[in-house]
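See below for the structure under consideration.
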Amino acid sequence: QVQLVESGGGSVQAGGSLRLSCAASGNIFTIDRMGWYRQAPGKQRELVADMFNSGSTNYADSVKGRFTISRDGAKRTVDLQMNNLNPEDTAVYYCHLQQIARQYWGQGTHVTVSS
């Protein structure tokens with residue numbers, strides 16, 4: 001089994017910054033993709049940013065230029081630096097890991113941005 005533990009959520013005013021971190025542990029022999037999704041109230045879960053094993057990244061259009069994803073392969077961690085936050089970024093953020101065909105999710109961390 002794989003465990004993902006997130007940290008770093010909280011409340012911030014518009015224009016502020018937060019950094020989310022996720023640490024993976026357990027039965028990990030490869031990480032094909034690791035990153036962050038979010039789910040706002042009444043909306044579907046959506047990709048925010050992720051990074052493939054190759055180092056290539058994907059970002060949602062809404063966060064490009066504001067969010068930066070980074071990974072430490074040795075430590076099996078993934079961070080999300082979020083700058084210039086706006087109220088539309090308010091959501092529960094979930095760490096995600098893909099190992100071959102299996103998907104793993106963290107418990108989620110709340111991010112609230114007030115105007």
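Condition check for residue 54 on (1) over 17 Å from residue 5 (Cα atoms); (2) of a type in the set (Ser, Thr, Tyr); (3) surrounded by 14 or more Cβ atoms within 10 Å (Cβ to Cβ): one failure, at (3). Selection over the stretch 57-79 of residues that are open to solvent by less than 40 Å² (accessible area, probe 1.4 Å) and of a type in the set (Asp, Glu) gives a count of 1.
Residue 35: modelled with pLDDT under 95, among the small types (Gly, Ala, Ser) and open to solvent by less than 60 Å² (accessible area, probe 1.4 Å), yes or no? Answer is no for this residue. All conditions in (1) open to solvent by less than 40 Å² (accessible area, probe 1.4 Å); (2) at negative phi hold for residue 44, with the sole exception of (1). Residue count for the stretch 79-94 satisfying the condition of being under 9 Å from the mean Cα position of the chain (by Cα) and outside any strand (DSSP E or B): 0. Tell me, yes or no, whether the stretch 54-64 has at least one residue that is on the phi > 0 side of the Ramachandran plot, of a type outside the set (S, T, N, Q) and either part of a loop (DSSP other than H, G, I, E, B) or in contact with a His (Cβ under 9 Å, 6 or more places away or on another chain) (or both). Within the stretch 54-64 (the criterion being on the phi > 0 side of the Ramachandran plot, of a type outside the set (S, T, N, Q) and either part of a loop (DSSP other than H, G, I, E, B) or in contact with a His (Cβ under 9 Å, 6 or more places away or on another chain) (or both)), the answer is yes, since at least one residue qualifies.
The values are calculated or read from the model by the stated rules, or taken from the named source; none is laboratory data. Predicted model, so just to flag it, every value in this text is computed and none were measured. Ideal geometry is used to build each Cβ from the backbone, glycine not excepted, and the neighbour counts take in all protein chains shown. The area values use the complete protein model at the heavy-atom level, side chains included, leaving out ligands, DNA and RNA. Shrake-Rupley method; radii C 1.70, N 1.55, O 1.52, S 1.80 Å.
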